[in-house]
1. In this structure, does residue A:37 turn out to be without any contact (Cβ under 8 Å) to a residue 60 or more places away in the chain and within 19 Å of residue A:148 (Cβ to Cβ)?
2. Among the residues of region B:105-122, what is the count of those that are over 23 Å from residue A:12 (Cβ atoms) and within 18 Å of the chain's Cα centre (by Cα)?
3. How many residues are free of Cβ contacts under 8 Å to residues at least 60 places away in the same chain and either over 17 Å from the mean Cα position of the chain (by Cα) or under 30 Å from residue B:32 (Cβ atoms) (or both) when one looks only at region B:123-140?
4. Give region A:2-21 a look and list any residue that's in contact (Cβ under 8 Å) with a residue 40 or more places away in the chain, more than 10 Å from chain B (Cβ to nearest Cβ) and at negative phi, or say none.
5. Of the residues that make up region B:83-96, is at least one within 15 Å of the chain's Cα centre (by Cα), more than 14 Å from every other protein chain (Cβ to nearest Cβ), over 21 Å from residue B:46 (Cα atoms) and touching a residue at least 24 places away in the same chain (Cβ under 8 Å)?
6. Picking from B:110, B:37, which residue would you name as being modelled with pLDDT of 95 or more and at the interface with chain A (Cβ under 9 Å from one of its Cβ atoms)?
7. Can we say residue B:66 is under 16 Å from the mean Cα position of the chain (by Cα) and within 21 Å of residue B:118 (Cα to Cα)?
């Protein structure tokens, strides 16, 4: 998606340890028109395999998943990273390792919101090592729902996430695939 | 907003300790068409005092703030509840007490995304005791930005939040004001 790639080149900042910071428009400050375009793109890309739910994980996937769900006319569900006191016990859960926070955490989805009759599109902001997305795939499988695929705004293609997800037979689509951040320069895959 | 009140009456569930669970359409599973309508309503309500940023806090305010920002054509910023390793030190922060989690946590906003020239509308899903919103007001004041007001989907009017915010001179608007949950029955303020 050329609009997103141009924005990454203009406003993304490359930090040490292969981090690309996009928090001026994607995941801290958010440009709503860009997110709407990303959501419409993802909904259109997966329109050939209709889905009944968009699933993401709090927090930085929520607005992108919402925009996708709005474009597709289906509900969005976001997995929670911590159990709220009001949440009850009727939950799917999975364990996720966070590289940015260096800790394991439990993600949960209330069972009534993912059913075996659902067909699920998973959406997130960034695919790097794929930990959070593997946790979401695990939860979809527990529910018995169909797995339509995974759509992300940005993929760091030099990390292992896509490979791990494709090994599970999951279709992955990224709007901007970053091949390299070496020397502080952002290079996209063609 | 009649659409939201009708949805709360149909799908909300009253739990003990004055909790109303709306996680089938507002803050776990999300109905995008309803959220879009809420965002357009809030943007319209505050259109008389134009704002340059919509500010919320992760996670359950994000989609509502996004929908409001999209309708108004301005950026959205969400405060983070935990510091990410990539976030740097150039931050505003405030301390927030969570009643649902029974703990204090620090919320942060990167300084470049709130400037003294900004005029800020704060948006969240639910106003009860007002802790998170007081933290956001504190951050807006630190930034020197103008405070346009606070818009929330649901207010529990029998709790102290609105009073605390109005004491600070902040304009508060709620689309559904719940007067009472006594006996498990949802009663709205007129």
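The values are calculated or read from the model by the stated rules, or taken from the named source; none is laboratory data. Nothing here was measured: the structure is a model prediction, and the numbers come from that model. Neighbour counts are summed over all protein chains in view; Cβ atoms, including those assigned to glycine, are modelled from backbone coordinates with ideal geometry.
1. Details: without any contact (Cβ under 8 Å) to a residue 60 or more places away in the chain: yes; within 19 Å of residue A:148 (Cβ to Cβ): no.
Considered against the rule, which asks whether it is without any contact (Cβ under 8 Å) to a residue 60 or more places away in the chain and within 19 Å of residue A:148 (Cβ to Cβ), residue A:37 comes out as no.
2. As a first pass, look at region B:105-122 and keep what is over 23 Å from residue A:12 (Cβ atoms): B:105-107, B:116-117, B:119-122.
If we keep only those that are within 18 Å of the chain's Cα centre (by Cα) too, we end up with B:105-107, B:119-122.
Number of matching residues: 7.
3. From region B:123-140, those free of Cβ contacts under 8 Å to residues at least 60 places away in the same chain are B:127-131, B:133-134, B:137-138; that's our starting set.
Narrowing the set further to residues that are either over 17 Å from the mean Cα position of the chain (by Cα) or under 30 Å from residue B:32 (Cβ atoms) (or both) leaves B:127-131, B:133-134, B:137.
Within region B:123-140, residues that are free of Cβ contacts under 8 Å to residues at least 60 places away in the same chain and either over 17 Å from the mean Cα position of the chain (by Cα) or under 30 Å from residue B:32 (Cβ atoms) (or both) number 8.
4. Scanning region A:2-21 gives A:4, A:5, A:8, A:9, A:12, A:14.
5. Scanning region B:83-96 turns up at least one residue that is within 15 Å of the chain's Cα centre (by Cα), more than 14 Å from every other protein chain (Cβ to nearest Cβ), over 21 Å from residue B:46 (Cα atoms) and touching a residue at least 24 places away in the same chain (Cβ under 8 Å).
6. Numbers: B:37 fails: at the interface with chain A (Cβ under 9 Å from one of its Cβ atoms).
So the residue among B:110, B:37 that is modelled with pLDDT of 95 or more and at the interface with chain A (Cβ under 9 Å from one of its Cβ atoms) is B:110.
7. Working: under 16 Å from the mean Cα position of the chain (by Cα): yes; within 21 Å of residue B:118 (Cα to Cα): yes.
Answer is yes for this residue.
Conditions tested, residue by residue: (1) out of contact with any helix residue (DSSP H, G or I) (no Cβ under 9 Å at 6 or more places or on another chain); (2) assigned to a helix (DSSP H, G or I); (3) touching a residue at least 40 places away in the same chain (Cβ under 8 Å); (4) surrounded by fewer than 23 Cβ atoms within 10 Å (Cβ to Cβ).
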site: A:112; (1), (2), (3), (4): yes, yes, no, yes
site: A:115; (1), (2), (3), (4): no, no, no, yes
site: A:121; (1), (2), (3), (4): no, no, yes, no
site: A:149; (1), (2), (3), (4): no, no, yes, yes
site: A:152; (1), (2), (3), (4): no, no, no, no
site: A:166; (1), (2), (3), (4): yes, yes, no, yes
site: A:169; (1), (2), (3), (4): yes, no, no, yes
site: A:173; (1), (2), (3), (4): no, no, yes, yes
